[in-house]
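Read the structure below first, then the notes.
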Amino acid sequence: MTRDRLLKGFEVELFTGRHDGRNVGIAATAREELKGFVTEPDHRNLEYVTAPESDYGPLTEALLSPRRTLRTWLESRGLTLLPGSTLSLGDATQFERSDPSNPYHDLIEATYGTDVVTASIHINLGIENPDQLFQALRLVRCEAALMLSLSASSPFLNGEVTGVHSQRWLQFPLTPARVPLFVDHLHFIHWTEEQIAAGTMHNVRHLWTSVRPNGPERPHQLNRLELRICDLITDPDCLLAVTTLLELRIQQILRDPTTHDPMTRSSLSLNELEQLSLSNDRTAAQKSLEATLHHWEDGRPLQCRDWLLTLIESVEPLAAELHLSERLQPLAAILDEGNQAMRWLAGIRAGGTIQSVLIESIEAMEAEETRPVSAPVQHPLG
C-alpha cells in the first residue's frame, strides 16, 4: 500500500569530532575522499541526502548507510559522529571555513557568524500540484512547533547549559525576517522576486524558515514541501515516526482541505497566523513538549503534549488505512520519556555533565547503526 503515500527524502546534517564530544572539523577532506557528502560553510559539519522513496521500508537503510560509511572513515582518524544540533562543547566564537575561497561563504560568515553552525534534519515530501502544495505549507507552517518539540536536541552551547531545548532554532537566522503564509503559487513567485530585488534574499535558496516550498527551479517549478525546523534526530525509528505524523497531516489536508487549511478554517487573519506560528516556534524551542502553545484555529492556548496526543488520535484511522500505524508508535516513548534535549537535561539534573551525557549518546548513536532493522516497538499512546 504505497501508491497513496508521498515521496519522502531527507537532508541530514551531522557534526564530527572526538569521542569525548568535542567538535573537530574535517568536512572538506571527507567530501574529497567520500562520495555523497557535501560541505557546509563551516567544516565541523557536513551533509548527505537520501533519494526519495514512497515506502518507509528502505528509508532506514538509506539514513544509516551513509553514516556507517562516514563513521568508518572517521574512525581511522580517531574521530566519530556527534549527536546534537549545536556546538555543545565546541568553540562557537570562531568560524572555521570549509572553503575559504567561496564568496558565498564569505557572505554567510560576515552576516551570520557561527549562528548558522548547526546540525539538523530536513524532511522533504513530494507534492507536485501547486494548489495542494500551498495548502499543505500553510498547515505545516502552523504546526511546525509540534515537530520541533518532538525533535529538540540542542540544549547546550560552548560547554554551557543554555536553559532552552532547541538552542539551534533560537540562534539560527530566519531569513527574511518576515515570511507570510502564501495564498498560492503566484503569491510565492511575486514575493520571492520582491525579496531578491530588495536584497532581503540573496538568491532563491536564501529562504530560511520553518517550512518552505522547494523544487528544481524555484520559485517557478516546485515539487515538494521541505520541513526545516527539526533538530537532528539520530534514531531512524523516531525520525520516521515524526515523518509519518507529518505525512499523515498532509494527507488529511490533501483529502479534505476545507477542514484542515488554516486560510479558510481559522478565525485568525493570515498576518495573525504568521505571528502565532513564529511565537509557537520560539516557545517550542524554549520548552518543547512542556510548552504552552496556541492553536491556529482560534488562538486558544493548549499544552504541546495534549495537542500532539489529539493530533495523533486524529490521524490514526488514516494511518490504519495506509498501513502506517506501527510507524507512529515511537512517538509514545518521546511523549512519555521526553525528546533528546529533555533526556540530556534530566541526565544533568541527576549529576551528570554535558560531556558525560554526550559520550553516552555518542555510543547510542553508533549502536543505532548496528541494530537489526525491524518494526518499531509498540507503545500505548494513552
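Here, each number is a calculation from the coordinates, and none is a lab measurement. Computed from a predicted model, the values in this text were never measured in an experiment. Cβ sites come from the backbone with ideal geometry, for glycine too, and all protein chains shown count toward neighbours.
State, in angstrom, two size descriptors of the chain derived from its alpha carbons: Rg to one decimal place and Dmax to the nearest whole number.
Here Rg and the maximum Cα pair distance are 19.8, 58 Å.
When the dipole is taken about the Cα centre of the range 125-226, and only Lys, Arg (+1) and Asp, Glu (-1) are charged at their Cβ, what size is it in debye, to the nearest 20? If you can, show how the numbers build up before the last one.
Working: 8 positive and 9 negative charges, 40 e Å.
Taking the Cα centre of the range 125-226 as origin, the dipole is about 200 debye.
In debye to the nearest 20, how big a dipole does the chain give about its Cα centre with +1 on each Lys and Arg Cβ and -1 on each Asp and Glu Cβ?
220
Between the range 146-216 and the range 313-338, how far is it from one alpha carbon centroid to the other, in angstrom?
Going from one Cα centre to the other spans 27 Å.
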